[in-house]
Amino acid sequence: AHEVNNYLAIASGNLELSAMSLPNSSTLKNIREAQNAITKAGQVMKDILKAHHNVKNEKSNLNLSELLWGCIHNMRSTFIKHSIEVLINSRSWDQFKKSPDFPALYGNSYQLEQILTNIIKNAVESMAEGPYQYRKLEIQINANDEYITVDIGNNGPAIPEDQKENIFKPLEST
């Protein structure tokens, strides 16, 4: 359910961005109705949420560059709406798309995409409500012969101490 809500938030953000360019348009009414439907769909997801859910466990070779760029691209309306600069290895996300690939990974692309989307979405949410004049999301990818690390940081507030113990619990959110 959490994962579905992330995509609903992306769709809602894209609609909001479209609505900003269509003031007083008849299309604006349709956009608002679509946003209301997305909100209701999110509420339905919360209602049917179960403690355990099945996730496909298919594994394959993954391209981290493409997977990460896809996550960033899907959330672009949110970045624009909240004036967030996104840097990946010190480059803008559109420049990163043209960068060389990292070593291949073997894993579940769906699960990795959800992990990256959740962390990025949480980072964005922590900055979105704050009084920050300059918002920045930084992603640093490093690879060696044994490991690939992805560090995601922002200039928003830290996770409150009383919420830190819940950050890796399934279906919990800070």
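Please enumerate the residues belonging to segment 1-33 that are part of a helix (DSSP H, G or I), of a type in the set (Gly, Ala, Ser) and within 16 Å of Lys81 (Cα to Cα).
Ala9, Ala11, Ser12, Gly13, Ser18, Ala19
So Ser126 fits all but one of (1) touching a residue at least 24 places away in the same chain (Cβ under 8 Å); (2) within 18 Å of Leu64 (Cβ to Cβ); (3) among the polar types (S, T, N, Q); what number is the exception?
Unmet for Ser126, out of (1) touching a residue at least 24 places away in the same chain (Cβ under 8 Å); (2) within 18 Å of Leu64 (Cβ to Cβ); (3) among the polar types (S, T, N, Q): (2).
Hey, among the residues in segment 134-156 that are open to solvent by less than 70 Å² (accessible area, probe 1.4 Å) and in a loop (DSSP other than H, G, I, E, B), which one's modelled with the lowest pLDDT?
Among residues in segment 134-156 that are open to solvent by less than 70 Å² (accessible area, probe 1.4 Å) and in a loop (DSSP other than H, G, I, E, B), the one modelled with the lowest pLDDT is Gly156.
The values are calculated or read from the model by the stated rules, or taken from the named source; none is laboratory data. All figures in this text were calculated on a predicted structure; none of them were measured in a lab. For neighbour counting, all protein chains shown are included, and Cβ atoms are generated from backbone atoms with ideal geometry for every residue, glycine included. The accessibility values were calculated without ligands, DNA or RNA, using every heavy atom of the protein model including side chains. Shrake-Rupley method; radii C 1.70, N 1.55, O 1.52, S 1.80 Å.
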